[in-house]
There are 4 protein chains.
Amino acid sequence: MTGDHLAFGADRLVVMAGPCAVETREQLLSTAHAVAAAGAALLRGGAYKPRTSPDSFQGLGPAGLELLAEASAATGLPVVTEVLDPRDVERVAASAAMLQVGSRNMQNFPLLREVGRVDRPVLLKRGAAATIDELLHAADYILREGNQRVVLCERGVRAFDPATRYLLDLAAVPVLKSRSDLPVVVDPSHGTGRRDCVVPMARAAVAAGADGLLIEVHPAPHEALCDGPQALLPEDFSALMRDIDTLAGMLGRRVVRPGSRSSATAP
Amino acid sequence: MTGDHLAFGADRLVVMAGPCAVETREQLLSTAHAVAAAGAALLRGGAYKPRTSPDSFQGLGPAGLELLAEASAATGLPVVTEVLDPRDVERVAASAAMLQVGSRNMQNFPLLREVGRVDRPVLLKRGAAATIDELLHAADYILREGNQRVVLCERGVRAFDPATRYLLDLAAVPVLKSRSDLPVVVDPSHGTGRRDCVVPMARAAVAAGADGLLIEVHPAPHEALCDGPQALLPEDFSALMRDIDTLAGMLGRRVVRPGSRSSATAP
Amino acid sequence: MTGDHLAFGADRLVVMAGPCAVETREQLLSTAHAVAAAGAALLRGGAYKPRTSPDSFQGLGPAGLELLAEASAATGLPVVTEVLDPRDVERVAASAAMLQVGSRNMQNFPLLREVGRVDRPVLLKRGAAATIDELLHAADYILREGNQRVVLCERGVRAFDPATRYLLDLAAVPVLKSRSDLPVVVDPSHGTGRRDCVVPMARAAVAAGADGLLIEVHPAPHEALCDGPQALLPEDFSALMRDIDTLAGMLGRRVVRPGSRSSATAP
Amino acid sequence: MTGDHLAFGADRLVVMAGPCAVETREQLLSTAHAVAAAGAALLRGGAYKPRTSPDSFQGLGPAGLELLAEASAATGLPVVTEVLDPRDVERVAASAAMLQVGSRNMQNFPLLREVGRVDRPVLLKRGAAATIDELLHAADYILREGNQRVVLCERGVRAFDPATRYLLDLAAVPVLKSRSDLPVVVDPSHGTGRRDCVVPMARAAVAAGADGLLIEVHPAPHEALCDGPQALLPEDFSALMRDIDTLAGMLGRRVVRPGSRSSATAP
């Protein structure tokens, strides 16, 4: 079944959703069930969190990975989660169907080489000041090691207007597609940092031709240990999934569903 | 009839299209007929062109205004055109249904005051390094003079990646709508500078909630005196209009058509 | 005598100082005497102020020009002041020895053409998102009209770190000098927006090869109607002038003094 | 002896110089002797190179470390070199007196923690899109592990003007000093990417209050495997050192010399 969910590209639209960070068993399981019910194809959630300050919550680490594995088993959703340290790649790959390399690590070359050597698709997020060129070269580090399942992710670049946390560069979608065959997904949650921008920008990403979305969902955003202001409530995520379904249909795409079957191979 | 075309906001979607610059009578009329046939609501085209270098084509000036008036009469499309100099506002207002203040002039306060005193809606483009806050304050300069018909335009901000000419900030659409009741339109032609990005970003703008689009169309982009690389061919614009129609319908909007009637008042 | 002060270039270092805005007769005269005593070559001060919001103090206009003329007569310092509107160029030129085109107007081409036609040197400030190329092309608009006395001013570009108001690009000094013979001055007051950065960056600008400085000085910065947080107190400006003197000497330059005589022609 | 060279702060000015990458024994030794003769306090040179593309020269690795150790022994200059991988920290610390964390790794938190646990001062370069705040928080990750010898390095941020490779933010020097007691050095070579900007910006950095400089020197820049366009020739570096000496004297600082003795403790 996992194969379906991780089958990016062609006419498929893959929605990955879940909390920014794994905080508690209850928080993760309730979110996982909610996003599964709403039609997400993968569960996202961080066990290792790269945080600006060492005083911020750094994630649950191995205990978080265990919770992710439990949530995956309970919902049938494969898990995508971030790996920060080249020494953790194997351990994270044991619990997750897909590995995320975060924007701060887009040019962490030892990490890129390490994820290039495991049998897991890799979600590679664009650095906050990285050009399209640099993102594609970073992907080359992974591809060069033998792992061909790289999914590129636009998640906003650094800019001057404090109105949004980052500036989501949706034109990166057609530009990347003109230069590479790798699937391209968009993260409107980090890309704007504002809950009220997530739905419009998720729609816009699909309209721009994205192959998938990465959406943060939290049952109680105001209590979140990380990035609460950008998390959707489960019910808002459900409504978004209905919009995305219609929009995808109009554009000749179909949203990959947990129960759906397909002969496609990933990505 | 003009009223209909200039009725921005609510469920209406207003598409303004035409060449970057008025070059010749033939170029303008053929483009005007093409965009009218494809369903544009306004004809755009510059008679006064703000160009980085004094050696570049600066527009036809008054002769360009006359050609715009002729094209408007021939097609029934009202005209939106840029005014650069506070001393030209009256003259331009005599030929155009809507005045454009370009991004380089977003904080040209004497010009803003002058367009605030004429009976024409104003298309105010965001400066390439302007925050949302600054754009709204610039609009205040116009509103303060009595002219309430201001339409805000996102057209890309300056950023670091040469892959696109500017970085189109589509999140500006929901952010502006959370802070103002003014209509918001998007210019994906200047906002990306790449023909292959115009269609995806036009769709994305509509999906993000924009009230209109500003699209450059040229019958022979490679011969254009200004911004050829970002101009659509008339047939590509026609195809885009069909997409936009479907997308607008899905989002509960309708594209304002030249022949359509409505009781709405502008904007 | 004015000729000396406006003699930019070669081994001369020209310091222009004064308040951001002309507020009152007393404020202007006391500042003018203080900066003259400290060794400034020109008095700066705005009568027409380009402000982000129409609710902010917009300057005293013609009354401000009169006060500037009075302060110039009282101190012997020629005045540099900003002109915003092409229709005001003649009037401002009647009161000021040098005209400033502000960063918001760097690509206000009608204004550039107008200041290109008067017999006054022009201080052209780089736009907050303008490339070096665009600054040089903007200067071309002035030069093309016949006015060869253009002085370029680096005053910070827009960037992502709120720690400073703008990002002062001192490398622009050597880059501009490699591409043009026009004098280059630096404005560390607007370029950082922080009083505690003005002195270090003024020194750095001289060390980088700048031909002059533009420094904001106010007798009571916390009461300033405009940009108080970046204004130096007169005594801090005096101390800075002593530093600059030593630094200039070390670099083979000499600070142009009000009473000094020179055979040089401006700029 | 090493202690002297690594004694940053107070009235000392520490110049680190050498090639971008260790390429050959001959290249490294000739450069090392040249920079030692000119008065550099440390030899810089990369054995592990973070390169945008996997096709670019990646450094000599362990063989490069051996050459650095040899050059250090031959010249008496301690070595500062970059470490990319947390698994290499011990190995690099065995050959180098000071460890560099490059700008791409400023938020590579596992690496920061690892260099926080060794007995070597750490040169932490600001990320190309990092705020001052984020740089200080990154330093916290190192300090938190027990290593108090952190030296901050401004090396240019990403900006929009292709005239320079990065935009060197010299105001970061006074801003960092207002917020931290850690020494601050500047890298005008990476910070501009242009040989003709290195000397002016090195002087400017000292004038702005920097505690040191990081300068790339190569005996044949046009043959360099990495960043040739920004490398100084040895003779140009010698001339720069004479300038810096004079400038430092004027500012009440003294350049730390290989043969000098001091009771100071690092940093």
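The values are calculated or read from the model by the stated rules, or taken from the named source; none is laboratory data. Everything numeric here is computed off the predicted structure, so don't read it as measured data. Cβ coordinates were reconstructed from backbone atoms using ideal geometry, including for glycine residues, and neighbour counts include every protein chain displayed.
I need a count of the residues in region B:13-35 that are in a helix (DSSP H, G or I), aliphatic (A, V, I, L, M) and touching a strand residue (DSSP E or B) at 6+ places or on another chain (Cβ under 8 Å). Let's see the steps before the verdict.
Quick first cut of region B:13-35, residues in a helix (DSSP H, G or I) only: B:25-35.
Next, from what is left, pick out any that are aliphatic (A, V, I, L, M): B:28-29, B:32, B:34-35.
Applying the additional criterion that residues be touching a strand residue (DSSP E or B) at 6+ places or on another chain (Cβ under 8 Å) yields B:28, B:32, B:34-35.
Residues that pass the stated criteria total 4.
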Residues of region B:194-237 being among the charged types (D, E, K, R) and at positive phi, which ones?
-> B:Asp227
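Pick from A:Val184, A:Val199, A:Val173, A:Val150: which is without any contact (Cβ under 8 Å) to a residue 60 or more places away in the chain, more than 10 Å from every other protein chain (Cβ to nearest Cβ) and not aromatic (Phe, Trp, Tyr)? Explain how you work it out, then say what you get.
Working: A:Val199 fails: more than 10 Å from every other protein chain (Cβ to nearest Cβ); A:Val173 fails: more than 10 Å from every other protein chain (Cβ to nearest Cβ); A:Val150 fails: without any contact (Cβ under 8 Å) to a residue 60 or more places away in the chain.
Among A:Val184, A:Val199, A:Val173, A:Val150, only A:Val184 is without any contact (Cβ under 8 Å) to a residue 60 or more places away in the chain, more than 10 Å from every other protein chain (Cβ to nearest Cβ) and not aromatic (Phe, Trp, Tyr).
Determine whether B:Ser189 is hydroxyl-bearing (Ser, Thr, Tyr), at pLDDT 95 or above and crowded, with 24+ Cβ neighbours inside 10 Å.
Values: hydroxyl-bearing (Ser, Thr, Tyr): yes; at pLDDT 95 or above: yes; crowded, with 24+ Cβ neighbours inside 10 Å: yes.
The answer is yes for B:Ser189.
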Identify the single condition in (1) within 13 Å of chain B (Cβ to nearest Cβ); (2) within 30 Å of D:Ala130 (Cα to Cα); (3) not acidic (Asp, Glu) that C:Ala208 does not satisfy, given that it satisfies every other one.
-> (1)
Take the residues in region D:117-136 that are out of contact with any helix residue (DSSP H, G or I) (no Cβ under 9 Å at 6 or more places or on another chain) and within 27 Å of D:Ala94 (Cα to Cα), then tell me which one is surrounded by the fewest Cβ atoms within 10 Å (Cβ to Cβ).
-> D:Pro121
Answer residue from region A:145-168, given it is out of contact with any helix residue (DSSP H, G or I) (no Cβ under 8 Å at 6 or more places or on another chain) and not hydrophobic (A, V, I, L, M, F, W, C) and is surrounded by the most Cβ atoms within 10 Å (Cβ to Cβ) among those = A:Arg158
If B:Asp55 satisfies every condition in (1) out of contact with any Ser or Thr (no Cβ under 6 Å at 6 or more places or on another chain); (2) crowded, with 24+ Cβ neighbours inside 10 Å but one, which is the exception?
-> (2)
Criterion: surrounded by fewer than 24 Cβ atoms within 10 Å (Cβ to Cβ) and of a type in the set (Gly, Ala, Ser) - qualifying residue of D:Ala21, D:Ala17, D:Ala7 | D:Ala7
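Residues A:Arg242, A:Arg195: which one is farther than 21 Å from A:Ala41 by Cβ, among the basic types (Lys, Arg) and surrounded by fewer than 24 Cβ atoms within 10 Å (Cβ to Cβ)?
Working: A:Arg242 fails: farther than 21 Å from A:Ala41 by Cβ.
Only one candidate passes the filter, namely A:Arg195.
Among what's in region D:222-239 and is assigned to a helix (DSSP H, G or I) and at pLDDT 95 or above, pick the residue that is surrounded by the most Cβ atoms within 10 Å (Cβ to Cβ).
D:Phe237
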Conditions (1) under 18 Å from the mean Cα position of the chain (by Cα); (2) under 26 Å from A:Arg25 (Cβ atoms); (3) of a type in the set (A, V, I, L, M) -> A:Ala63 fails only (1)
So B:Leu168 fits all but one of (1) in contact with a Ser or Thr (Cβ under 9 Å, 6 or more places away or on another chain); (2) within 11 Å of chain C (Cβ to nearest Cβ); what number is the exception?
-> (2)
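Could you look through region C:61-75, keep only residues that are hydrophobic (A, V, I, L, M, F, W, C) and in contact (Cβ under 8 Å) with a residue 24 or more places away in the chain, and pick out the one that is farthest from C:Ala32 (Cα to Cα)? Before the answer, list the steps.
Of region C:61-75, the ones hydrophobic (A, V, I, L, M, F, W, C) are C:63, C:65, C:67-69, C:71, C:73-74.
Next, only the ones that are in contact (Cβ under 8 Å) with a residue 24 or more places away in the chain stay: C:65, C:67-69, C:71, C:74.
On the way: C:Leu65: 14, C:Leu67: 11, C:Leu68: 9, C:Ala69: 11, C:Ala71: 6, C:Ala74: 9 Å.
Among them, the one singled out is C:Leu65.
State which residue is surrounded by the most Cβ atoms within 10 Å (Cβ to Cβ) when the search covers only region A:198-212 and only residues that are outside any helix (DSSP H, G or I) and within 16 Å of the chain's Cα centre (by Cα). Before you say what the answer is, go through the steps one by one.
Kept after step one, since they are outside any helix (DSSP H, G or I), are these residues of region A:198-212: A:208-212.
Checking the rest, the ones that are also within 16 Å of the chain's Cα centre (by Cα) come to A:210-212.
On the way: A:Ala210: 30, A:Asp211: 25, A:Gly212: 27.
Here the residue is A:Ala210.
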Kindly indicate whether C:Thr81 is of a type in the set (S, T, N, Q) and over 30 Å from B:Leu136 (Cβ atoms).
-> no
Pull up region B:102-147, narrow it to residues that are of a type in the set (Ser, Thr, Tyr) and touching a residue at least 24 places away in the same chain (Cβ under 8 Å), then point me to the one that is nearest to B:Val198 (Cα to Cα).
-> B:Ser103
Restrict the check to region A:36-57 and report whether at least one residue is closer than 24 Å to D:Gly102 by Cβ, in contact with a strand residue (DSSP E or B) (Cβ under 7 Å, 6 or more places away or on another chain) and part of a strand (DSSP E or B).
-> no
Given the conditions (1) crowded, with 17+ Cβ neighbours inside 10 Å; (2) free of Cβ contacts under 8 Å to residues at least 60 places away in the same chain; (3) hydrophobic (A, V, I, L, M, F, W, C), which single one is not true for C:Ala40?
-> (2)
Among the residues of region D:181-191, which ones are assigned to a helix (DSSP H, G or I) and among the β-branched types (Val, Ile, Thr)?
-> none
For A:Val185, all conditions in the list (1) farther than 26 Å from B:Val199 by Cβ; (2) touching a helix residue (DSSP H, G or I) at 6+ places or on another chain (Cβ under 9 Å) hold save one; what is the number of the exception?
-> (1)
For region C:4-60, what are the residues that are of a type in the set (Lys, Arg) and either within 14 Å of another protein chain (Cβ to nearest Cβ) or under 17 Å from C:Pro234 (Cα atoms) (or both)?
-> C:Arg25, C:Arg44, C:Lys49, C:Arg51
Mind checking which residues of region A:165-181 are among the hydroxyl-bearing types (Ser, Thr, Tyr) and within 11 Å of B:Asp196 (Cα to Cα)?
-> A:Ser178
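Rundown of residues vs (1) within 13 Å of chain A (Cβ to nearest Cβ); (2) closer than 24 Å to B:Val175 by Cβ, yes/no style:
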position: B:Arg242; (1), (2): yes, no
position: B:Asp245; (1), (2): yes, no
position: B:Leu251; (1), (2): yes, yes
position: B:Arg254; (1), (2): no, no
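What number of residues within region A:89-116 satisfy the criterion of being within 12 Å of another protein chain (Cβ to nearest Cβ) and either buried (at least 20 other Cβ atoms within 10 Å of the Cβ) or polar (S, T, N, Q) (or both)?
Going through region A:89-116, the residues within 12 Å of another protein chain (Cβ to nearest Cβ) turn out to be A:89, A:101-114, A:116.
Filter again for either buried (at least 20 other Cβ atoms within 10 Å of the Cβ) or polar (S, T, N, Q) (or both), leaving A:89, A:101-112, A:114, A:116.
So the count comes out to 15.
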Count - residues of region B:85-135 that are closer than 16 Å to B:Gly46 by Cα and hydrophobic (A, V, I, L, M, F, W, C) | 12
Meets criteria (in contact (Cβ under 8 Å) with a residue 40 or more places away in the chain, touching a strand residue (DSSP E or B) at 6+ places or on another chain (Cβ under 9 Å), of a type outside the set (A, V, I, L, M, F, W, C) and within 14 Å of another protein chain (Cβ to nearest Cβ)) for B:Pro78 | no
